[in-house]
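Asker: What follows is a structure written as C-alpha cells; I'll ask about it next.
The values are calculated or read from the model by the stated rules, or taken from the named source; none is laboratory data. Keep in mind the model is a prediction, meaning the values are calculated, not measured. Positions of Cβ are backbone-derived with ideal geometry, glycine not excepted, and every protein chain shown enters the neighbour counts.
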Amino acid sequence: MTEAARPGGHTSPPNPPRVRLVDVAREAGLSKTTVSAALNGTGRLSPAVRERVRETARRMGYRPNATARQLRAGRARLIGYVVGEFAGAPWTFLESPYFAQLTSATAAAALRRGYALVLLPSGSLQQEWGDLPLDAVIVADPVADDRIVEDLLAARIPVFSDRSVEGRPGAHWVDVDAARAVREVLDHLAGQGARRPAMVLPDSTTGFHAGALAGYRGWCAEHGVPERTGLAGEIGNGPVVRAVEAVLAGGGDRTGGAPDPAGGAAPASGAAGRPDALPAEAAGRPDALLVVAEASPPLVLDAARRHGYDVPGDLLVVCVSEDETAAHTVPPVTTLSLRPREIAEAGIELLVAALEQGREEPSGVLVPTSLEVRASSLRPDAG
C-alpha cells in the first residue's frame, strides 16, 4: 500500500523521503565533509566548489536538520521580541513607523546571524513564553517596573532592552540619549528665533519619554522660559493630535500634567516647577512645537493650521518620527530620527556576542539620534 487512507475513502500520497547530507554529497560527487563545510561556510574550499554544493542542495531540496543542529549548539536559536510600551494594545506596535522599522530590522539582523525572531504579545505572562525554547528576549521600550523583565531574568533568560536594565546580570542594552536629543532640538529652534517652545509627549513611563521630559524641563529652566507640555493619554494619531491642539489653543495640559521621571505628576505649564505659574494669555501662544508622541506629520501640520498658525512663519514644528511622509508635506517637516535600524543592528550584535560567548556581564551602547532639518523648523527671517 503506497498511499495513506483519509476520511471518506480518499488517499493522499506519502511524504517524500527527507534529503540527507550524504545524498547531496553523492549527487555532487564530493565527500560528506566537503559538502558540510561548503554549506556551513567553513573549510578552505574554492568559490566554485561552494557554489556547486549549494546549487546541488537547492535543486534536491536539502534542508539541514534543525533539531540536530540545536542539540550540537545547545541553543534553539530563537529570540523572543516584545514591545513593553504597547501592553494595553498588543500587536498594534506594528502600525507605528518607528516600531515597524525596529521590528523588521531586528528580525533581519538576527536572521543574518542564524537566529529567528518570535513575536510575543505586549504584557506577556509567563505561561505565554515559559514553554518556548527562547535563547534570549528583546524587550523594546519597557515601561517602569515591567514584570516581564523581572520574570525573564529570574528564569535566567538573557534580556536585551533599553538602559533601564543597565548593570543587571544577564541584561544587555542599547539606547539613545533622549535628554540630549531634545536639547539639540530646542537649541535648533532657539537658533531660529523660538522663545516659547512647547512639547507634546505620551502618557508613558518608558525611559525614553522620561528622558525627553527631563531634557525639556532642564532646557526651559536654564533659558528661563515657561514649560508648555501636552499629554496624549493614548497611543495613536487621534489622541496625539488632540494633545497638539490643546497646547496650541491654550498653552499646556492642565489635567494632571506630564509624567515625572522621578515619579508622580508634573505641572502642565508654568516656570520653575510652579503649576500654572504663567497663564497662557500672558505668556503668549507657543512659537515652536516639538511632538515627541508619535503621530502623522501631515496631521500635526493640519492641527496647526486649524488653530490659525502658519508653519514656519508663526510656528516652528519638529516631530520625533520615522514617517516618510514628513519629507513630502508642505512645508516638509523636520524630524528627530531615533535611527531604529542602527539600534537593531547594534542590539543584535551585542546580544548574539553575549549568547555565543556565554557572557553574563552586562553590556550596552548608546546610538546617536539624527535631526533631519527641513523647512518646518526654519523661519524665513531668522537669518
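Asker: Name the residue, out of L378, L350, that is surrounded by 15 or more Cβ atoms within 10 Å (Cβ to Cβ) and within 18 Å of R196 (Cα to Cα).
Answerer: One residue alone meets the criteria, L378.
Asker: Could I ask something else about it? Determine whether L71 is at pLDDT below 90, touching a Phe, Trp or Tyr at 6+ places or on another chain (Cβ under 8 Å), surrounded by fewer than 19 Cβ atoms within 10 Å (Cβ to Cβ) and not hydroxyl-bearing (S, T, Y). Give the derivation first.
Answerer: On the way: at pLDDT below 90: yes; touching a Phe, Trp or Tyr at 6+ places or on another chain (Cβ under 8 Å): no; surrounded by fewer than 19 Cβ atoms within 10 Å (Cβ to Cβ): yes; not hydroxyl-bearing (S, T, Y): yes.
Judged against the criteria, L71 is not a match.
Asker: Of the conditions (1) in the same structural domain as T103 (by TED's automatic domain parsing); (2) in contact with a Phe, Trp or Tyr (Cβ under 7 Å, 6 or more places away or on another chain), Q357 fails just one. Which one is it?
Answerer: (2)
Asker: Tell me, yes or no, whether the stretch 119-133 has at least one residue that is under 29 Å from A210 (Cα atoms), in a strand (DSSP E or B) and either at pLDDT 90 or above or not hydroxyl-bearing (S, T, Y) (or both).
Answerer: Yes, the conditions are met somewhere in the stretch 119-133.
Asker: So R112 passes all but one of these: (1) surrounded by 14 or more Cβ atoms within 10 Å (Cβ to Cβ); (2) at pLDDT 90 or above. Which condition number does it fail?
Answerer: Unmet condition: (1).
Asker: Further question on the same structure: Sort out which residues of the stretch 324-383 are out of contact with any helix residue (DSSP H, G or I) (no Cβ under 7 Å at 6 or more places or on another chain), among the charged types (D, E, K, R) and farther than 30 Å from A303 by Cα, and write them in order of number.
Answerer: The answer is E342, E349, E356, R359, E360, E361.
Asker: Across the stretch 313-331, what is the number of residues that are crowded, with 19+ Cβ neighbours inside 10 Å, of a type outside the set (D, E) and within 19 Å of T369 (Cβ to Cβ)?
Answerer: Adding up the residues that qualify gives 7.
Asker: Name the residue, out of V174, V200, V247, that is closer than 21 Å to L102 by Cα and hydrophobic (A, V, I, L, M, F, W, C).
Answerer: Values: V200 fails: closer than 21 Å to L102 by Cα; V247 fails: closer than 21 Å to L102 by Cα.
Testing whether each residue is closer than 21 Å to L102 by Cα and hydrophobic (A, V, I, L, M, F, W, C) leaves just V174.
Asker: Just one of A265, A221, A194 is among the aliphatic types (A, V, I, L, M), surrounded by fewer than 20 Cβ atoms within 10 Å (Cβ to Cβ), at pLDDT 90 or above and not assigned by TED's automatic domain parsing to the domain that holds L102; which is it?
Answerer: On the way: A265 fails: at pLDDT 90 or above; A194 fails: surrounded by fewer than 20 Cβ atoms within 10 Å (Cβ to Cβ).
Checking each option against the conditions leaves just A221.
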